[in-house]
1. Determine the alpha carbon to alpha carbon distance for each of LYS138/LYS196; LYS196/LYS234; LYS74/LYS116; LYS116/LYS340; LYS12/LYS138; LYS228/LYS253 and list only those over 25 Å.
2. So, with +1 on the Cβ of K and R and -1 on the Cβ of D and E, and no other charges, what is the size of the charge dipole of the chain about its Cα centre, to the nearest 20 debye?
3. Using a cut-off of 15 Å between beta-carbons, work out the net charge of the residues near HIS317 (Lys and Arg +1, Asp and Glu -1, HIS317 not included).
4. How big is the antiparallel share of DSSP beta bridges in the chain, given as a percent to the nearest 5?
5. Residues in the range 128-166, backbone N under 19 Å from the label point at LYS116 (7 Å along the Cα-to-beta-carbon vector): list them, ranges by number please.
6. Taking the Cα of ALA331, stepping 7 Å toward and past its beta carbon, and measuring to each backbone N in the range 293-316: which are under 12 Å?
7. Roughly how many nanometres apart are two label points built 7 Å out from the Cα toward the Cβ at GLU53 and ASP153?
8. Can you give the angle from 0 to 90° between the axis of helix 223-232 and the longest principal axis of the chain, with both taken from C-alpha atoms, to the nearest 10?
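Bear in mind these aren't lab numbers, they're just calculated from the coordinates by the rules spelled out. Just so we're clear, the structure is a prediction, and the values are computed from it rather than from any experiment. Cβ: placed from backbone, ideal geometry, glycine included. Neighbour counts: every protein chain shown.
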Amino acid sequence: MITSLHTGGAEKLMADLLPRFRQEGMEVDLLLFDGADTPFKRQLLAAGVRIYELGQTGCVYNPLHILRLIPYLKKYDVVHTHNTAPQLFAAVASLFVAIRLVTTEHSTLNRRRAWKWFRWVDRWMYGRYARIICISDKAETNLRRHLALPQDDSICTICNGIDVARFACAAPCGVLKSEGADLVAVMMVAGFRYQKDQDTVIRAMSLLPERFHLYLVGDGERREECEKLCRERKVADRVHFLGIRTDIPELLKSADVVVMSSHLEGFGLAAVEGMAAGKPVVASDVDGLREVVMGAGLLFEKGNCTRLAETIESLIHNRDLYCHVVSKCEARASEYDISKMVHGYRLVYESVARV
């Protein structure tokens, strides 16, 4: 169960994981609170995954969803939820039907944890789950601290994964170099949401020579703000908004540098994708990203556009540094192959189903 299949890390995991679960012999279906048509949804349907939906209105917190869930929950050995609305509503529905619940915690931090009164709701909600999977060690540490939970086996960490071979073997699409042979293509793949920080990358572009171009892949509620910032910084002709794309491996393979700039991050799947594509990754020094990138790619202080610009320029002007970082990034990406994630999830499902 997940809120929707719009662009995002959790949504991409559904598109990558569920077909592999089927290949492993598991019977798996997906339930969406918002069943809007998206590329990820079409990808899953083409792979033969059965998808149910509670509506297509975007109103995912409709209390009636609790009643609508109950007939579905009765059909399965394990129900796995992602994102807040499914997490909460499945927990409430479990008061009326006996089900084994698993959830994935995708963030190291979220806005509701700042509301002290909501901690009691969180403690009750997570207490309904047989197992909580965190996508990074820091996500697990922060969740345990938030809930004041002991070091028991109800919470575990299974890192996110990608199809490493698909990114490593992708062919460059060539579209990024249409502006000129000496163009330096900097790319960031992320939704335009409050957690992400495209603003710092845009500001960094204003500090870089004109042959540096930025390609922003994704969409979201903050896109117009970022477009306005480009005009204010007079880099609108060098910042390209590519929207939602299905050819991410090919785009990353065409870039020179991959940037992941965030205010907060649960893991940083896009950073791993950039590494797997054989590109140097430069990322914000924040929880989640730090764990994935440190020792392989390069980190910069969150929000420091000057340091980001200097780091990008040093990679381009120092070929030895560039090749060294690429080599370390490729080795790091191999640690996050999706096959390891599939195996970890299967072990969780089997242990929960046996209870």
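1. Values: LYS138/LYS196 18 Å; LYS196/LYS234 22 Å; LYS74/LYS116 34 Å; LYS116/LYS340 36 Å; LYS12/LYS138 21 Å; LYS228/LYS253 28 Å.
Flagged as over cut-off: LYS74/LYS116; LYS116/LYS340; LYS228/LYS253.
2. Details: 46 positive and 44 negative charges, 188 e Å.
Here the chain has a charge dipole of around 900 debye.
3. Details: positive: ARG211, ARG319; negative: ASP182, ASP256, GLU310, GLU313, ASP320.
Around HIS317, the charge tally is -3.
4. Values: 1 of 36 bridges.
That works out to approximately 5 percent antiparallel.
5. 145-149
6. 295-297
7. 4.0
8. On a 0 to 90 degree scale, this one is about 20.
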